[in-house]
Structure formats: C-alpha cells, structure tokens
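The values are calculated or read from the model by the stated rules, or taken from the named source; none is laboratory data. Small disclaimer: the values here were computed from a predicted structure and weren't measured. So basically every Cβ, Gly included, is an ideal-geometry build from the backbone, and we count neighbours across all protein chains shown.
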2 protein chains.
Amino acid sequence: MALSTELTELLGVRHPIVLAPMGGAAGGALAAAVSRAGGLGLVGGGYGDREWLARELTIVAEGTDRPWGVGFLSWAIDAGAVERALEFRPAAVMLSFGDPGPFVERIRSAGALVMVQVTDLEEAARAVDLGADVIVAQGTESGGHGARHGRSTLPFVPVVADLAAPVPVLAAGGIADGRGVAAALALGAAGAMIGTRFQATAEALVDPSVGRAVVEGRAQDTERNGVLDLARGASWPTEKYTARTLGHPYLDRWRGREAELARDPQARQDYRDDVARGAIPPAPVWAGEAVDLITDLPSAADLVTTLAAQAEQALARAGRHRPGGS
Amino acid sequence: MALSTELTELLGVRHPIVLAPMGGAAGGALAAAVSRAGGLGLVGGGYGDREWLARELTIVAEGTDRPWGVGFLSWAIDAGAVERALEFRPAAVMLSFGDPGPFVERIRSAGALVMVQVTDLEEAARAVDLGADVIVAQGTESGGHGARHGRSTLPFVPVVADLAAPVPVLAAGGIADGRGVAAALALGAAGAMIGTRFQATAEALVDPSVGRAVVEGRAQDTERNGVLDLARGASWPTEKYTARTLGHPYLDRWRGREAELARDPQARQDYRDDVARGAIPPAPVWAGEAVDLITDLPSAADLVTTLAAQAEQALARAGRHRPGGS
C-alpha cells in the first residue's frame, strides 16, 4: 500500500515524501537513498558551487534510476549552475529564496519539472504565473533559511493550495514524522518536504556532531535569526531571510543587535577566529521546530519507509468513525 | 457519519470541534450554538467578570442540553469566578495562561473536566502532573493571546501528544477550515480548538465591524505583539504573553518600543482619547494566521457542520491509495 497524491502521480514516485535540498547536507548519497526508497531526493545545490555539484550530481545520478532533483538558491546562482545541473538529467529543479524567473524556461525546456519554494502569498502567485509545476509552501518553523517574517505551515499550506490549484503544493517546515506527513496531505498538500529529520540519517553529508546535535536538540532552543549569517559573513540577504538554528554563543552575544553586527568587521573576524580555535562549531546547526520529534539516526531508506507507514497509520486513525456510523 | 476521537468519546459530543473561549467574543449564544451543532462550545470567561459570567452562562445553560464549558485566564481570576461558573454545571472548565494549579481540584470535585491550555513543553508537563483531563496545545499562529515566544502548531501538537498520552490533546492555532481540523487529527490531536473563525459567525458577541474585519483581514497583516496590551493599559503580563491582531495604528507607532510604551502614561491616555473620538476601534481585532481562510459570516451551526464535513473529506482524500494497492 502507498498513499497516492498529485505528486506521486506527476513524478512517478512511490511516497509523497521529498528530501529538502539542504545546501551541503543533502548530498548525492542522501538524495539517491531517498529516491531509491520511493521518495524524491533533492540535492542541495545551494550557491551552485561547480565542483560540489559535479561530484554530488554524479553520485545521485549513478546512485538511483528513480526520479531525483536538485535545489538552488535563486538569489545566489547564475544560469550556468542550472545548466550544469541539467546535464545530469534531474527530474526536477527547485528554486528557493529570490526570483526564480530567470531560470524557469531553461529548466522546463530541458524536460525537468520546475519546483518553486514560496514563503508568502505574493511569491506563491508569482510562482503560479511563472508556470511552476510544483509549489513548496514553507512555514517559519522550518530549519535553516526562510522568510524573516514567515508564516506557520498549518495555516499557510491550505491558502497556497487554494491559490495554486490545480498546481500541486508541498508542505515544508515542522515535519519530522509520519503524523506531519499525514497532516500535510490533510491540509491539501500533495506531499511533505522534510529537511531537519534527514540531517540525522546515515547518509547526510554532515559532520557526525550535527546528527547528534539534531537528535539531542530541543525546539525551544531553536531560533530564527539573521545574527549567524552576519557573523559568518554569509552573503544572504538578511533583511528578508533568516535561518532557524539550534542555540549558539553568537546568538546570545548579538541577539537584537543585527544592524550593529553588520557594521562590525571585527565581529566577523572574531567568529572566524573562534571557529579556527574550535570554540564554536564550523557552521551553525540548522534545525527546525520539529527537532523534538527526532530521536534516532536511521538510514535514509528506513526513514522514508517509516515515515510513509506512519503517515498511513495516522490518516487511518484520524479518519475513524463512530461505531454505528451515525 | 462523524469522526470519532478520544474527545468525542470523553465528552459525548458529535464532532471533535471546540470553540475557543475567546474572552468576551465567545458568549453564551455562540457557545450554545456550537454545542447544539455537535461541537463543544466554551464560553470566554476571561478575567471572570461576575456580571458578564452570570448573563452568558445563563444563556448557554438555557440554550443547550449538550455539553458546554467555560474558559478563564489563570493569571487573572480568583477562585470565586470558577465557583460562580461551576454553579451553572459546565461539562468542562478550561484554564489558560498562568498557573492552573489553584483551580484544578475545585473543578474536578464539581464533576467538570479540567482543560489546560499550554504553549510550551514545560507547561504541558505541568498540566499532565496536575491531572488535566484535556490538554490544549496552542501554536503561535493563533489569534489573540498566546506565548510571546510561541511554537508553531504543526510541530508542537505531536510532541505534546507524545508527552501527554493517554491524555487527549487538542490543537489550537491556525485552524479555520475542515482541512485544519483534519490536520489536527492527523497530528495525533483528539480535536481542534477554533477561535478566529468563530468570530465571523452570526452568534459571535462582537461588533459587526469585527466580523467584517476578520472576513477581509489577511494573515500577512496579523502580528503578535505586546504593544496593544500596553497601550490599552491591559493588565496582561506582556513579558510572557502577547496577542496576535490585525494591523493597528498603535502597532505602527510603537512597534519595537514596548519598554518605552510601558513607561509612558501619556500614550495610554492618547489611546483612550483616540478610542473616544473614534480614531481607532474600541478594541484590537484579535485574529490568527488562518484569517486568510475566512471569507463568509455563517451561523455557528452551519459552520460546525461544514467544518466536520470538510474534515471528513480532507481525511478521505489524503488517505487515497494508489490504484492496485501495491
């Protein structure tokens, strides 16, 4: 048995479960494992680094004959990154954060599906206008980057689904178990995009300390903030996008003083020095509010199978009727 | 047909749909209408005003022979308010925001169910320890008051459900249509608590302008803030609790300057003057992020019936399996 949605039909995948293209962490091995298990694995192409892309897309293309895809940051990439990725024949290319417009035609003409992630209704309307094949509605409880002034997944997804219909919508943000997948479908989504949960799998392209931090992390310690991007000297447009991470010394030091931090080159030097001497981790641990639900480090294949089975159970339980049927 | 959950079994109600006890707005007529239609109507007892309680509890008690209840603000009430309410024989009393401890035994000994609303896991654990019969997990997308640093409903509900089991948990915040009710059940909740949506019904105890504002309001214009409580001179503990409202001139004027506002008696006088001369509405319009889904002003009975039918449809659609069943 398997749940059937517009997404599983459109892509010919078994489960309505999509690996979020987490930059760096969603490498070729993880994406391939998700796709082999019946989900849709998306490689996290991020800023479009050519060397990284060539390596990871080779791994995913050789690792599965099922559909897979790749995601990019619209504000960060150039057309060349998309071109390079399309040579590997992904089934889908996802564009997040920024204007997807410049890349849509090229992706479509290569025969790949265009997936566009949105964080508000204006972006959703724009994605529809551009002819997106799949729209990903991301809530503010998601781990990693998202809108500074974001929307919560539960009320956001049905509004985007209404706006986009008949274009299928995926729910992203706050989903880490089968109940969340089931809720996504109940809200009218055609599937669930899952990030943080996949960081705590055997195949995730992260330092083992990250998987452990995700398992041990608590949602109440996560925070959406621009501080760490500013401290890292990342080029993210922090006025619009922030990232949800686990707690971090630089959050405590700079919370509420982003403008000051942005003007302080010494703070960025301090951050680099603290990384170099091991006082702080090499990168923030990006984690969403669903981190509370993550308590183990399975293989990605086992995780996909478990999520799908739990989702079916959750929907069957939720749909129970009163004995007698009245 | 009707969906069956731990809540419908426990209370003997037809639908797993609960009217949020919105202070002032959820009066006796609205609560009675919800209960007559098969949901659980909760009167918004708020601060425990004796005259208001006597009037509205008389209306609900005379208006339905089905189970109904009443909600209070734990930080604001004294035991006398609960005593007064219990004389009307509610099936349930809900306690929100603050320590429910002082009131639990009295409610239980009167034979009413104890419902405790929680906004974080610490509060949820405390509610379990106190022996709450029903726990309401409130997400930050909810309208009106909630935690300043709240959790989003979708990832919060399953964690509370795991912590509280076998105590039934309701999902609150961001639910305004049957898809949201279905999602709540999929997440493991025994029902959905709904507020903002019921403000836009014929029976809501609000000025007609409020219902219209909710119908016209957009989620992107809602904001969780302590400014309006401070400007109104409300006694809410704003360091811990804020309220989500539609846009308001005083939000634009004071956003980000709550400490300054708290020290400025002239600002409170200005607010009163602006209300008196009709420059601003008599009260903020409390509204959650699900306001986008609210487009009409039905009767409460029609709304309950519609929500229940939509929820069944949403779960049936979400639970579709691939033809052939493989």
*When residues of the stretch B:290-303 are filtered for being touching a Lys or Arg at 6+ places or on another chain (Cβ under 9 Å) and either more than 13 Å from chain A (Cβ to nearest Cβ) or assigned to a helix (DSSP H, G or I) (or both), how many remain?*
8
*Among the residues of the stretch A:1-32, which ones are within 17 Å of A:Glu203 (Cβ to Cβ) and either modelled with pLDDT under 95 or not assigned by TED's automatic domain parsing to the domain that holds A:Ala184 (or both)?*
A:Gly24
*Restricting attention to the stretch B:127-149, and to residues there that are more than 15 Å from the chain's Cα centre (by Cα) and of a type outside the set (Asp, Glu), which single residue is surrounded by the most Cβ atoms within 10 Å (Cβ to Cβ)?*
B:Ala127
*In the set B:Ala267, B:Ala300, which member is over 30 Å from A:Ala190 (Cα atoms), surrounded by 18 or more Cβ atoms within 10 Å (Cβ to Cβ) and assigned by TED's automatic domain parsing to the domain that holds B:Gly139?*
B:Ala300
*Could you say which residue among B:Ala204, B:Ala176, B:Ala171 is away from chain A (no Cβ under 13 Å) and either on the phi < 0 side of the Ramachandran plot or in contact with a helix residue (DSSP H, G or I) (Cβ under 6 Å, 6 or more places away or on another chain) (or both)?*
B:Ala204
*What is the number of the single condition among (1) of a type in the set (Val, Ile, Thr); (2) within 30 Å of B:Gly63 (Cβ to Cβ); (3) out of contact with any Leu (no Cβ under 6 Å at 6 or more places or on another chain) that B:Thr201 does not meet?*
(3)
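Can you name every residue in the stretch B:304-326 that is surrounded by 16 or more Cβ atoms within 10 Å (Cβ to Cβ) and part of a helix (DSSP H, G or I)?
B:Val304, B:Thr305, B:Leu307, B:Ala308, B:Gln310, B:Ala311, B:Glu312, B:Ala314, B:Leu315, B:Ala318 - these are the residues of the stretch B:304-326 that are surrounded by 16 or more Cβ atoms within 10 Å (Cβ to Cβ) and part of a helix (DSSP H, G or I).
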_Go through (1) surrounded by 22 or more Cβ atoms within 10 Å (Cβ to Cβ); (2) in a helix (DSSP H, G or I); (3) β-branched (Val, Ile, Thr) for B:Thr58 and report which single condition fails._
(1)
*Consider A:Trp52 carefully, then state whether it is part of a loop (DSSP other than H, G, I, E, B), assigned by TED's automatic domain parsing to the domain that holds A:Glu123 and aromatic (Phe, Trp, Tyr).*
no
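Restricting the stretch B:99-126 to residues that are without any contact (Cβ under 8 Å) to a residue 40 or more places away in the chain and farther than 20 Å from B:Arg89 by Cα, which is surrounded by the most Cβ atoms within 10 Å (Cβ to Cβ)? First the steps, then the outcome.
First, the residues of the stretch B:99-126 that are without any contact (Cβ under 8 Å) to a residue 40 or more places away in the chain: B:99-111, B:114, B:116, B:119-120, B:122-123, B:125-126.
Filter once more, keeping what is farther than 20 Å from B:Arg89 by Cα: B:99, B:101, B:119-120, B:122-123, B:125-126.
Working: B:Asp99: 13, B:Gly101: 14, B:Thr119: 28, B:Asp120: 18, B:Glu122: 10, B:Glu123: 22, B:Ala125: 14, B:Arg126: 16.
Applying the filter and picking the extreme gives B:Thr119.
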*For the stretch B:110-154, enumerate the residues that are of a type in the set (D, E, K, R) and either on the phi > 0 side of the Ramachandran plot or within 14 Å of another protein chain (Cβ to nearest Cβ) (or both).*
B:Asp120, B:Glu122, B:Glu123, B:Glu141, B:Arg148, B:Arg151
*Please find, within the stretch A:1-29, the residue that is farthest from the chain's Cα centre (by Cα) out of those that are part of a strand (DSSP E or B) and away from chain B (no Cβ under 11 Å).*
A:Ile17
*Can you tell me which residue among A:Trp68, A:Trp75 is closer than 26 Å to A:Val285 by Cα, buried (at least 22 other Cβ atoms within 10 Å of the Cβ), within 17 Å of the chain's Cα centre (by Cα) and away from every other protein chain (no Cβ under 14 Å)?*
A:Trp68
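Determine if the stretch B:152-159 includes at least one residue that is aromatic (Phe, Trp, Tyr), in contact with a strand residue (DSSP E or B) (Cβ under 7 Å, 6 or more places away or on another chain), part of a helix (DSSP H, G or I) and buried (at least 16 other Cβ atoms within 10 Å of the Cβ).
yes
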*Does B:Asp273 qualify as being surrounded by fewer than 15 Cβ atoms within 10 Å (Cβ to Cβ), at pLDDT 95 or above, away from chain A (no Cβ under 14 Å) and within 30 Å of B:Gly41 (Cβ to Cβ)?*
no
